[in-house]
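> For reference, the structure I am asking about is given below.
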Amino acid sequence: MNKKQSRRYIQSKPAPLTPEQEREASVRSLTFAWERFRSLRDQAKQKLDEFADRVKADPSDAMRWAEEAFDAAGTFKVCDILIHHVEEGRMAAQALEMCTEEALRHARYPSHSTSMSANRHHQAEGAAFCEALDSLRWMARTEAELAKEE
């Protein structure tokens with residue numbers, strides 16, 4: 001490809017999508033986003049299983065490096081809740097509302113237990129709810145736009 005062809009290639013714009021193609025792309029994106037929560041849950045489960053194996057092999061050493069297990073447990077719980085929301089037929093807007101309430105609750109009322117691990121678990125759970133908010137905001141907006149088109 002010479003310089004002229006290269007410039008033409010860079011300057012060319014893709015053909016605009018038809019409304020039906022845009023709708024299909026939005027539906028595919030929503031499906032992909034929900035599947036992402038399943039994938040995150042599966043990855044968290046795998047990390048928890050690996051941690052359980054390390055605990056069986058050498059409990060003392062495994063507990064020294066348990067930080068990732070707390071994060072995985074929080075991610076697993078939040079993704080599992082969101083997946084159940086979808087399976088029950090709830091919309092992303094409802095999941096967003098629930099997730100926002102939980103994130104705010106975790107921020108407003110941090111755990112002050114004498115158990116450091118309980119405090120760390122509470123922190124990891126709150127962080128996982130916050131992480132889910134970004135995806136859920138986009139998903140709720142997309143669902144609302146699709147509903148307007150119907």
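> Among the residues of region 8-28, which ones are part of a loop (DSSP other than H, G, I, E, B) and at pLDDT 70 or above?
Across region 8-28, the qualifying residues are PRO16, THR18.
> Taking GLU149 as meeting all but one of (1) in contact with a Pro (Cβ under 9 Å, 6 or more places away or on another chain); (2) without any contact (Cβ under 8 Å) to a residue 60 or more places away in the chain; (3) within 30 Å of THR18 (Cα to Cα), write down the number of the exception.
(2)
> Another question, if that's okay. So, in region 88-119, exactly how many residues are outside any loop (DSSP other than H, G, I, E, B) and within 20 Å of the chain's Cα centre (by Cα)?
Going through region 88-119 one residue at a time, the tally reaches 16.
> Would you please name the residue that is surrounded by the most Cβ atoms within 10 Å (Cβ to Cβ), looking only at residues in region 120-146 that are touching a residue at least 60 places away in the same chain (Cβ under 8 Å) and under 12 Å from the mean Cα position of the chain (by Cα)?
ALA132
The values are calculated or read from the model by the stated rules, or taken from the named source; none is laboratory data. These numbers come from a predicted model, not from an experiment. Positions of Cβ are backbone-derived with ideal geometry, glycine not excepted, and every protein chain shown enters the neighbour counts.
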